[in-house]
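One structure is given below, encoded as structure tokens.
The values are calculated or read from the model by the stated rules, or taken from the named source; none is laboratory data. Everything numeric here is computed off the predicted structure, so don't read it as measured data. Virtual Cβ from ideal backbone geometry, glycine too; neighbours counted across all protein chains shown.
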Amino acid sequence: MKYFGTDGFRGEANVDLNVVHAYKVGRFLGWYYGREHKARVVIGKDTRRSSYMFEDALASGLTASGADVYLLHVTPTPSVSYVVRSEHFDCGIMISASHNPYYDNGLKVINGNGYKLEAEVEEKIEAYIDSPEDTIPLATREEIGRTVDYAIGRHRYIGHLMSLATRSFKNIRVGLDCANGSSYSVAKGVFDTLGATTYAIGMEPDGTNINQDCGSTHIENLQKYVREYNLDIGFAYDGDADRCLAVDDQGEIIDGDAILYLCGCYLKEKGELNNNTVVTTVMSNLGLYKAFEKKGIRYEKTAVGDKYVNANMTEFNHSLGGEQSGHIIFSKYAVTGDGVLTSLMLMEVMLEKKKKLSELRRELTIYPQLLKNVPVADKPAARCDKDVVAAVKAVEEALGEEGRILLRESGTEPVIRVMVEAKTPELCEKYVNKVVGVLQNKGHVVE
């Protein structure tokens, strides 16, 4: 598609994604969902400076098409999904570019069931954006929509999260890195209310510091924080709080694969791991699969993207799935990745087992992994180049069963991702560089 990628319509604010785009998205959605009744649409946003601009543009387009708009203000992406489902909105829109820098932004449209919008509707939105004529009628008189302050929706989501905790967090020292993003309005309050002694950083958003040297993309800050203050556990969220990475009591990273392992084993013990299966993506570490096999847990592999994980989970009724990056889905409670929910589930594992995370993850051995993002002029041409394909095949044969290589196109950036897992970091470097070298020699790489 031209505008919508794997995670909505994303790009640099007022360059790739501008206010006219947002207005037209609002115009189309207000009309599309309002053909048989007055549409109700809920909007959330992260802390980027441009999020306020896009909120106004979307609301203008929606109300001009006759929809009523309910504003959650600064809130996590999963809260939009929760509110849409629990309060029967026609759709929701989250304004965020997730883990991207502050100058990027995006529009994630969520359908009435809380899932990401169907591709066929995205295609219709794109056709409307590019249409030289405005074919959608403007609402008039009493049909014009209105905008409503709906902060109460976010408060209900917070209450929902707190209701999921099965025990008190009293005497647990918890560190949070809220990335100067959406979770700053939610996470600390949840942990404080549940009794934790909470230490939080990334709590001073100014519109330009979201994800800047903080959050799940810079987890080294939380590692240092956990060690410095002798905390029991730490959680780092991304800009819109739909993903979570953790840090154990030793200051070591608990990534999405480790979270899937810990929660998968725990749910299996409780008899709540549907189909005895965890859904992963092709980016999950080889060590995770070997650990699952030792525990007798089956696994599925999907394409990268939480929407693919979610589709598999929905089709086969699996209860747990996610990505190495920290998008984790617990289908009993949510239909999308939820960073704060994930942290609550990890707290449950730790408290129920009465062990530190550093102890619980000992049986998981992660293979060294190296991922390089290679900027290219044409992603399909680079990936399908016969010499690149041959280089990848040669690496696969050299690694055998003690490693793997993955080459794929990014869904959100003009890059090819080259990833290698092997027994040593040196082997990872050697084989990644081999494939990158072929991409360079064939003229695919751009500076």
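Among the residues making up the range 111-139, those that are modelled with pLDDT under 95 and outside any loop (DSSP other than H, G, I, E, B) are LYS116, ALA119.
Taken over the range 208-224, the residue count meeting the criterion of being assigned to a loop (DSSP other than H, G, I, E, B) and either hydrophobic (A, V, I, L, M, F, W, C) or touching a strand residue (DSSP E or B) at 6+ places or on another chain (Cβ under 7 Å) (or both) is 4. Sort out which residues of the range 19-77 are without any contact (Cβ under 8 Å) to a residue 12 or more places away in the chain and among the basic types (Lys, Arg), and write them in order of number. Selection gives ARG35 alone. Across the range 333-371, which residue is farthest from GLY287 (Cα to Cα) among those that are touching a strand residue (DSSP E or B) at 6+ places or on another chain (Cβ under 9 Å) and of a type in the set (Lys, Arg)? Once the filter is applied, the top-ranked residue is LYS356. When ALA258 is tested against (1) part of a loop (DSSP other than H, G, I, E, B); (2) of a type in the set (A, V, I, L, M); (3) touching a residue at least 60 places away in the same chain (Cβ under 8 Å), only condition (1) is not met.
Restricting attention to the range 58-73, and to residues there that are aliphatic (A, V, I, L, M) and surrounded by fewer than 23 Cβ atoms within 10 Å (Cβ to Cβ), which single residue is farthest from THR342 (Cα to Cα)?
From the range 58-73, those aliphatic (A, V, I, L, M) are 58-59, 62, 64, 67, 69, 71-72; that's our starting set.
Add one more test, that the residue is surrounded by fewer than 23 Cβ atoms within 10 Å (Cβ to Cβ), and what stays is 64, 71.
Values: ALA64: 38, LEU71: 25 Å.
Per the criteria, the residue is ALA64.
Contact map, the range 80-94: first residue surrounded by fewer than 23 Cβ atoms within 10 Å (Cβ to Cβ), second residue part of a loop (DSSP other than H, G, I, E, B) and aromatic (Phe, Trp, Tyr), Cβ cut-off under 8 Å, separation 6 or more or different chains; pairs are ASP90/TYR33.
Before we move on, is TYR199 in contact with a strand residue (DSSP E or B) (Cβ under 7 Å, 6 or more places away or on another chain) and either surrounded by 14 or more Cβ atoms within 10 Å (Cβ to Cβ) or basic (Lys, Arg) (or both)? For TYR199, the condition - in contact with a strand residue (DSSP E or B) (Cβ under 7 Å, 6 or more places away or on another chain) and either surrounded by 14 or more Cβ atoms within 10 Å (Cβ to Cβ) or basic (Lys, Arg) (or both) - is met. For the range 285-344, the strands (runs of 3 or more DSSP E) that sit wholly inside it and include 2 or more residues that are in contact (Cβ under 8 Å) with a residue 12 or more places away in the chain and surrounded by fewer than 23 Cβ atoms within 10 Å (Cβ to Cβ) are 298-302.
Could you go through the range 391-400 and let me know if any residue there is touching a Lys or Arg at 6+ places or on another chain (Cβ under 8 Å), outside any helix (DSSP H, G or I) and among the β-branched types (Val, Ile, Thr). Among the residues of the range 391-400, not one is touching a Lys or Arg at 6+ places or on another chain (Cβ under 8 Å), outside any helix (DSSP H, G or I) and among the β-branched types (Val, Ile, Thr), which makes the answer no.
For the range 1-52, filtering for residues that are in contact with an Asp or Glu (Cβ under 6 Å, 6 or more places away or on another chain), of a type in the set (Asp, Glu) and either in a strand (DSSP E or B) or within 16 Å of ILE125 (Cβ to Cβ) (or both) leaves 1. Checked against the criterion of being within 17 Å of VAL41 (Cβ to Cβ) and of a type in the set (A, V, I, L, M, F, W, C), the candidates VAL174, VAL69 yield just one match: VAL69. Annotation: of all residues in the range 130-165 being more than 21 Å from GLU348 (Cα to Cα) and polar (S, T, N, Q), the one that is farthest from the chain's Cα centre (by Cα) is THR140.
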